[in-house]
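Written out below as structure tokens is the structure these notes cover.
The values are calculated or read from the model by the stated rules, or taken from the named source; none is laboratory data. Bear in mind that the values here come from a model prediction, so they are computed numbers and not experimental data. Positions of Cβ are generated from backbone atoms using ideal geometry, with glycine treated the same way; all protein chains shown enter the neighbour counts.
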Amino acid sequence: MSTLHRYADILDIQFPDRFEPKPLNRKRINPLRKHAIFPDTLLRKDALVTPAGFWPHEISLPLSLLTDRPLVVAFFSVHWNRYGIDLLQQLQSLHQDVKVMGGRLLVIAAEGEQALRPLVEKYQLTFPILHDRNNAIAALAGLYEKQDPIWDRVSGVDADVPIPATYVINPAQQVSFAAVDPYLQHKLDQRALLSAVYDAREQLQRVQVA
């Protein structure tokens, strides 16, 4: 008699919730791309992990108020592991150039003070970081959707966090540069980003002259 088990004989194994069958009509991430309008949202000053010298209000302000000059918005999570550390270091190397070109850099992180403070100190980060509670801003940008988790596409990431993306937003609140990396495979194109910041500054100057 065969000792092989039939499929029906295999014990019923209970898997974690994340492996439950997903609905066929589940919502998917839909990242903002170049030329899209970046949605306005209220940024709370008490969500800042590191200081932002350009913050003009005591409590909160709409993101649109920061687009009076080119705005670089980069999303981050500590759960991206080495990829995330490399991204922080790239952003730090870009920060001064962005400022010199008249732009601003704002990093939007899935985690808060406790998780980020050691990284800020270790890598001497000088740019402002905002805690995106419940991934609300990432969801507006189409980078986070609970029904389409990052761990479905990237091994080694097992937290409920968004996919990576870095944007340059011009004064019309339009995305002029978009680096979306759903599989955590690519380095940031620093030259293309700075070129987009420069172009956004030129656009702003033309508007001011007109």
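A few points about this structure:
- Scanning region 85-120 for residues that are touching a residue at least 40 places away in the same chain (Cβ under 8 Å), in a helix (DSSP H, G or I) and farther than 23 Å from ALA200 by Cα gives ASP86, GLU113, LEU116, ARG117, LEU119, VAL120.
- When residues of region 121-133 are limited to those that are part of a loop (DSSP other than H, G, I, E, B) and out of contact with any Phe, Trp or Tyr (no Cβ under 9 Å at 6 or more places or on another chain), the one nearest to TYR198 (Cα to Cα): PHE127
- Just one residue in the set GLN174, GLN203 is in contact with a His (Cβ under 9 Å, 6 or more places away or on another chain), surrounded by fewer than 22 Cβ atoms within 10 Å (Cβ to Cβ) and within 19 Å of LYS34 (Cα to Cα); that residue is GLN174.
- For the residues ASP181, ASP152, ASP158, the requirement of being in contact with a Pro (Cβ under 6 Å, 6 or more places away or on another chain) and either more than 14 Å from THR67 (Cα to Cα) or crowded, with 20+ Cβ neighbours inside 10 Å (or both) singles out ASP181.
- Pairs with Cβ under 6 Å, 6+ apart, first in region 158-170 and farther than 15 Å from LEU105 by Cβ and in contact (Cβ under 8 Å) with a residue 12 or more places away in the chain, second part of a strand (DSSP E or B) and not hydroxyl-bearing (Ser, Thr, Tyr): PRO162/PHE75
- Of everything in region 134-147 that is modelled with pLDDT of 95 or more and assigned to a loop (DSSP other than H, G, I, E, B), the residue that is surrounded by the most Cβ atoms within 10 Å (Cβ to Cβ) is ALA141.
- Count of region 52-84 residues which are part of a strand (DSSP E or B) and either touching a residue at least 24 places away in the same chain (Cβ under 8 Å) or touching a Ser or Thr at 6+ places or on another chain (Cβ under 8 Å) (or both): 7
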